[in-house]
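Take a look at the structure below.
The values are calculated or read from the model by the stated rules, or taken from the named source; none is laboratory data. Model, not experiment: these values are computed from the prediction. Note that each Cβ is placed from the backbone with ideal geometry, even for glycine, and that neighbours are counted across all protein chains shown. Protein only, heavy atoms only, side chains kept; ligands, DNA and RNA dropped before computing areas. Shrake-Rupley method; radii C 1.70, N 1.55, O 1.52, S 1.80 Å.
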Amino acid sequence: MEIIKTDILIIGGGSSGLWAAKGAKEQDPSLEVLIVDKSYPDWGGLMSLSGGDLEVCLQGDSPEKWVKDFVYYWDGLCEQDVMEELWQQSHGIFEEYQRLGCTYLKDNEGNYRYVHQRSLDTVKLFPVQTKGTGGKNMRKAMISEMDRLGVKRMGRVEITEILKDVHSGENRTAGAVGFNYVTGQRILFEAQCVILAAGIASWKPSYNQNTASGEGPVLAFRAGAQLQNFEFLHIWNVPKYFEWEGQTVLMPLGAKFVNKNGETFMDRYSPKFGANTDPHYLTRGMALETLAGNAPIHLDLSAIPEKDYPIIKPKAGRQLIHYEKLVEEGIDFFRDEFEWIPVVQLSNGAVKTGRNGESGVDGLYIAGRLRSLDPGVYMGGFALMTTAVTGRQAGRAAADFISGHDRVTADTAYAEKSLAGTFEIVGKEGISPSEILEDLQKIIAPYDVSILKTGEGLTRARLQLEELRSEKLSRMTAPDPHYLLKAEEVKSIADVTEYYLTSALFRTDSRAGHYRADYPEHYDDWLCWVVLKNVAGKPVPEKRTVPIEMYKHSVERYYSDNFNM
């Protein structure tokens, strides 16, 4: 077992991990900071695959008004103090990205162009100057910063457990263990502070979220942190036969979803917003239309004026490749109809944290999408901004923690034992991770489990999960370290599935991204977050009431009231 020592270990090399490293080194340049990522070094996580557009509260705008929009949009489930601080810091992130070479679209007078989000009064999205280059430019900028600041990076490493300071008996982290899934090398990372920036979970759909598989929340939960918002899924509507980024921009510019009869059906479900809303409401409409026999569903872009094509037509990157392949096939993205379908992309469940990413476990901080902020309804550019802000917050807080605490030492014997347990399945006969993953996808995909949820559907899914655990998961095997990585991912996806089903069954109302067809209303006693506590290794749900009396904004309106579905 190789032993690597550092001051701060950051698990995850995407936007939040990179910003966490930047924040820590800015706070204390003398600290040794190491980023460990599951992919190849410096890939930049999902940031590198993103469009790069950002939500920004510009100087002169009111962060309070932004928060008021979110209270309304999230049906009250908004940590108002946290969100106000986030939007206060967003302009600084925007300026820093531009200082590092990222550019954003401007009009002829030099003013930033923006797109209002989800028919809200205040929240704005600022598109990159050249569509298709945003994520690539962000990655390049942040990697240059890592080089300048002297941040070390490692790739191809799967982290399997957060270690505690077992010598002193304190509830404090002392590092983590993992392995290189190419060479099989087992590694102990001894660290004075750990920042989890590994992202949230997916069921590995074909869209670009298939790298997120849930190790982050599972690692935090097993280390003693509490989870939150696991009843919410991130369900997107995507083209059936190819990938496309930018629906957030398409809808405000005039795009419409139509059923097989040519009807813009969302006008019926929401006369006020139509299709200019969050995909969670659109996918509910698509599911209802499909059940009514009105599928397939197509996207119609014919109403978008040509003057707005520069905002949505890609000029570089993977989206340009998609666009050019469509042209080769004789398909005009802007004029032709093509089928779209709902896809369960991600779990919105994450870790319950304090103001600066504190996890409740000393020395363990949470950053990015792994930090629980939103209840399942989303806006374009939100994640790219929040990963940057929360990453920097966690990095600074971790640096401050180290300066005020004694050093710890990891238990080498325990680390070796933990890794030996992980490797037990290598080379044995059994079931492949891919087979179990497909079973997990089948459990989560049905409408009555994911979109139009019912107690009957969720209970059925939970029974299927229990059967899968007893009959297959215990017999999962891996022929080599690469497939051991896949097995670790699948185990995490199974745990996340349990977190989701537990939380979704517990919340018996409909709110924000969670819709229970058997409890279609929102109720006052459910103005709360669902928190999962670790009780003997099992997730146990309880309510955490939203402290409206402590916040600036009362809950006067519900965004979900604009929909009759």
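A few points about this structure:
- Verdict on A303 being open to solvent by less than 10 Å² (accessible area, probe 1.4 Å) and either touching a Cys at 6+ places or on another chain (Cβ under 6 Å) or touching a residue at least 40 places away in the same chain (Cβ under 8 Å) (or both): no
- Against the list (1) surrounded by fewer than 22 Cβ atoms within 10 Å (Cβ to Cβ); (2) of a type in the set (K, R); (3) at pLDDT below 95; (4) out of contact with any Phe, Trp or Tyr (no Cβ under 8 Å at 6 or more places or on another chain), the condition K106 fails is (4).
- Residue match in the stretch 367-376 (condition: of a type in the set (S, T, Y), open to solvent by less than 10 Å² (accessible area, probe 1.4 Å) and either touching a Phe, Trp or Tyr at 6+ places or on another chain (Cβ under 9 Å) or closer than 27 Å to V530 by Cα (or both)): yes
- Looking across the stretch 321-359 at every residue that is part of a loop (DSSP other than H, G, I, E, B) and within 18 Å of P205 (Cβ to Cβ), the one that is modelled with the lowest pLDDT is identified as N348.
- Of all residues in the stretch 207-256, exactly one satisfies the criterion of being without any contact (Cβ under 8 Å) to a residue 60 or more places away in the chain and either closer than 22 Å to V490 by Cβ or among the acidic types (D, E) (or both), namely N210.
For (1) in contact with a helix residue (DSSP H, G or I) (Cβ under 8 Å, 6 or more places away or on another chain); (2) over 30 Å from Y269 (Cβ atoms), each residue gets a yes or a no:
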site: S474; (1), (2): no, yes
site: E489; (1), (2): yes, yes
site: E498; (1), (2): yes, yes
site: R516; (1), (2): yes, no
site: P520; (1), (2): no, no
site: V546; (1), (2): no, no
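- Residue selection: G92 satisfies the criterion of being without any contact (Cβ under 8 Å) to a residue 12 or more places away in the chain, open to solvent by less than 60 Å² (accessible area, probe 1.4 Å) and within 30 Å of I10 (Cα to Cα).
- The requirement of being open to solvent by less than 20 Å² (accessible area, probe 1.4 Å) and under 27 Å from L233 (Cα atoms) is not satisfied by Y269.
- Of the residues D81, D37, the single one that is farther than 30 Å from A176 by Cα and among the charged types (D, E, K, R) is D81.
- Any hit, the stretch 109-121, residues being assigned to a helix (DSSP H, G or I) and either buried (at least 20 other Cβ atoms within 10 Å of the Cβ) or at pLDDT below 90 (or both): no
- Residues that are more than 28 Å from T390 (Cα to Cα) and open to solvent by 60 Å² or more (accessible area, probe 1.4 Å), drawn from the stretch 337-355: E337
- The residues of the stretch 357-383 that are of a type in the set (V, I, T) and more than 17 Å from the chain's Cα centre (by Cα) amount to a single one, V361.
- Of the helices (runs of 4 or more DSSP H) lying entirely inside the stretch 441-536, those containing at least 2 residues that are open to solvent by less than 20 Å² (accessible area, probe 1.4 Å) and touching a residue at least 60 places away in the same chain (Cβ under 8 Å) are 481-506.
- Contacts under 6 angstrom Cβ, first residue in the stretch 410-423 being part of a helix (DSSP H, G or I), partner buried (at least 16 other Cβ atoms within 10 Å of the Cβ), 6 or more apart: A415/V177; A415/L188; S418/E161; S418/V177; L419/V177; L419/R186; T422/T160
- Filtering the stretch 537-559 to residues that are in a loop (DSSP other than H, G, I, E, B), free of Cβ contacts under 8 Å to residues at least 24 places away in the same chain and hydroxyl-bearing (S, T, Y) leaves only S554.
- Selection count where residues are surrounded by 12 or more Cβ atoms within 10 Å (Cβ to Cβ) and among the small types (G, A, S), scope the stretch 541-565: 1
- Any chance H553 is outside the structural domain of R222 (by TED's automatic domain parsing), closer than 26 Å to V67 by Cα and in contact with a Gly (Cβ under 8 Å, 6 or more places away or on another chain): no
- Failed condition for G330, given (1) open to solvent by less than 10 Å² (accessible area, probe 1.4 Å); (2) over 29 Å from the mean Cα position of the chain (by Cα); (3) within 19 Å of K240 (Cα to Cα): (1)
- Subset of the stretch 49-83 that is touching an Asp or Glu at 6+ places or on another chain (Cβ under 8 Å) and among the acidic types (D, E) - its residue that is least open to solvent (accessible area, probe 1.4 Å): D69
- Residue satisfying condition, being open to solvent by less than 20 Å² (accessible area, probe 1.4 Å) and part of a helix (DSSP H, G or I), within set L86, L46: L86
- Residue within the stretch 22-39 that is surrounded by 24 or more Cβ atoms within 10 Å (Cβ to Cβ), touching a strand residue (DSSP E or B) at 6+ places or on another chain (Cβ under 9 Å) and in a helix (DSSP H, G or I) present: yes
- Of all residues making up the stretch 49-83, the number that are in a loop (DSSP other than H, G, I, E, B) and within 27 Å of K106 (Cβ to Cβ): 9
- Scanning the stretch 296-320 for residues that are assigned to a helix (DSSP H, G or I) and under 25 Å from the mean Cα position of the chain (by Cα) yields I311, I312, G317, R318, Q319, L320.
- Looking at G354, G381, just one residue is small (G, A, S) and under 18 Å from L77 (Cα atoms), and that residue is G354.
- Among residues of the stretch 405-440, those that are open to solvent by less than 60 Å² (accessible area, probe 1.4 Å), among the charged types (D, E, K, R) and either farther than 29 Å from L9 by Cβ or under 29 Å from the mean Cα position of the chain (by Cα) (or both), counted: 1
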